[in-house]
1. For the stretch 211-250, which positions are in contact with an Asp or Glu (Cβ under 7 Å, 6 or more places away or on another chain) and not hydrophobic (A, V, I, L, M, F, W, C)?
2. Test residue 215 against the stated conditions and say whether it is surrounded by fewer than 18 Cβ atoms within 10 Å (Cβ to Cβ), at pLDDT 95 or above and of a type in the set (D, E, K, R).
3. Out of everything in the stretch 117-169 that is out of contact with any strand residue (DSSP E or B) (no Cβ under 8 Å at 6 or more places or on another chain) and of a type in the set (Ser, Thr, Tyr), what residue ends up being farthest from residue 66 (Cα to Cα)?
4. Among the residues in the stretch 136-159, are any basic (Lys, Arg) and modelled with pLDDT under 95?
5. Could you give every pair whose Cβ atoms fall below 8 Å, whose first residue belongs to the stretch 36-47 and is in contact (Cβ under 8 Å) with a residue 40 or more places away in the chain, and whose second residue is loosely packed, with under 14 Cβ neighbours inside 10 Å and part of a strand (DSSP E or B), counting only separations of at least 6 or pairs across chains?
6. Taking the condition of being surrounded by fewer than 18 Cβ atoms within 10 Å (Cβ to Cβ) and under 19 Å from residue 292 (Cβ atoms), how many residues in the stretch 229-246 meet it?
7. Could you check how many residues of the stretch 67-97 are within 25 Å of residue 190 (Cβ to Cβ) and in contact (Cβ under 8 Å) with a residue 40 or more places away in the chain?
8. Of everything in the stretch 136-188, what is part of a loop (DSSP other than H, G, I, E, B) and closer than 16 Å to residue 245 by Cα? Give them in sequence order.
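The values are calculated or read from the model by the stated rules, or taken from the named source; none is laboratory data. Worth saying up front: this structure is predicted, and the values here are computed from it rather than measured. All Cβ positions, glycine included, derive from the backbone under ideal geometry; neighbour counts span all protein chains shown.
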Amino acid sequence: MKLSIFFIIQLFYIASAFSEIKLQFLNDQNIPTGEKFMETEIGGLSGIVFDPKTNLFLAVSDDRSKNNPARFYELQYKINSNKFEFSPKTVVFLKDKTQQTYKKNTIDFEGITLINDQVIISSEGSINSEPSIAPEIIVFKRDGSYIRNLQVSPMLIFSKDNKDQFGARDNLVLEPLSSLPNKPIFLTGTEEALIQDDRISTPSYESTVRIFKYENELMTKSFAYKLDKVPSIPVGGLTVGETGLVDMIMLDENQFLSMERSYLPLAKKSVVKIFLTTIKSDSTDISAMDSIKDKKIVPLEKKLLLNLDEIKDKLSANFQEIDNIEGMCLGPKLLNGNQSIVLVSDNNFSKTQRTQFIVLEMSQSN
């Protein structure tokens, strides 16, 4: 019996709807704080991306040019029985509009991605500094040379007159960044809610952040994304902490993995969760809304795939903690055809933390 093309397409979408994504632990690796490479201190790695053309990972540091000039590292890797081992290959210093290395405290790089042979990096800026430094999205050459700035959403922009009523919150913006392979499309977003949109997350409240879609270097759409509540882990009867959207991986134009990190200072604990997030046909485009407060909107749909607490007992015996994970990217395909995912932590250049790599295997089943 012959099947019509329409019926075959229907079967495809039905099968896709029941496709399940699973994440499994492969291995981890730790680099102690203070380790040097090419006269720089390895640390502050807050974003990572894999370049299949060169077979290298690029990991950006949020050093702010304090310890060494703003930079990203090119990392090589070896795979043995699906176990990854990372090591730095070179360091690339990033240049400002004058093609000089960035001066101290003039930048705060967080997310990194690749489109063709250009490197796109997001910066949180420093809103509370004097003078204030606005959030930025910057395009660089692979050698770190400055090319141009991209326009950021006007919803992030603040002034001294209204910075308590409108715009981004200090150190809580443009953390995540991911692009589609071979397409000039990328997503970024705020780590926490914009001041005019919502209050921040608490143990009893889920805040709403913004996701921005760029096509051909122009912002085309924006969506609402609801964060999880701060995990309720009381110490002395108190739960103190914060939650934020720290990175994402675009799977296609309508689905991406999102990673949320919570930090609980009293418990001295990071909680990191990875979700499958979907832009649906009824997801509200909020790009023209100055504020989403009290507006009827449909946020993106998300589904929990993995809480990294579930893999703590599989981590290296010398450091069985989930550190300050901030970066996430697709890695190379594994021998079985499944996709690897690489996570990296920002050690804050603290002796009590590590630069931690965690490698996961992503599989799909119907």
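1. 221, 222, 226, 228, 229, 243, 244, 247
2. Yes, satisfied.
3. This residue is 159.
4. No, the stretch 136-159 contains no residue that is basic (Lys, Arg) and modelled with pLDDT under 95.
5. Between residues of the stretch 36-47 that are in contact (Cβ under 8 Å) with a residue 40 or more places away in the chain and residues that are loosely packed, with under 14 Cβ neighbours inside 10 Å and part of a strand (DSSP E or B), the close pairs are 38/90; 42/36.
6. Number satisfying all stated conditions: 1.
7. 5
8. Matches in the stretch 136-188: 168, 169, 170, 171, 172, 173, 174, 175, 176.
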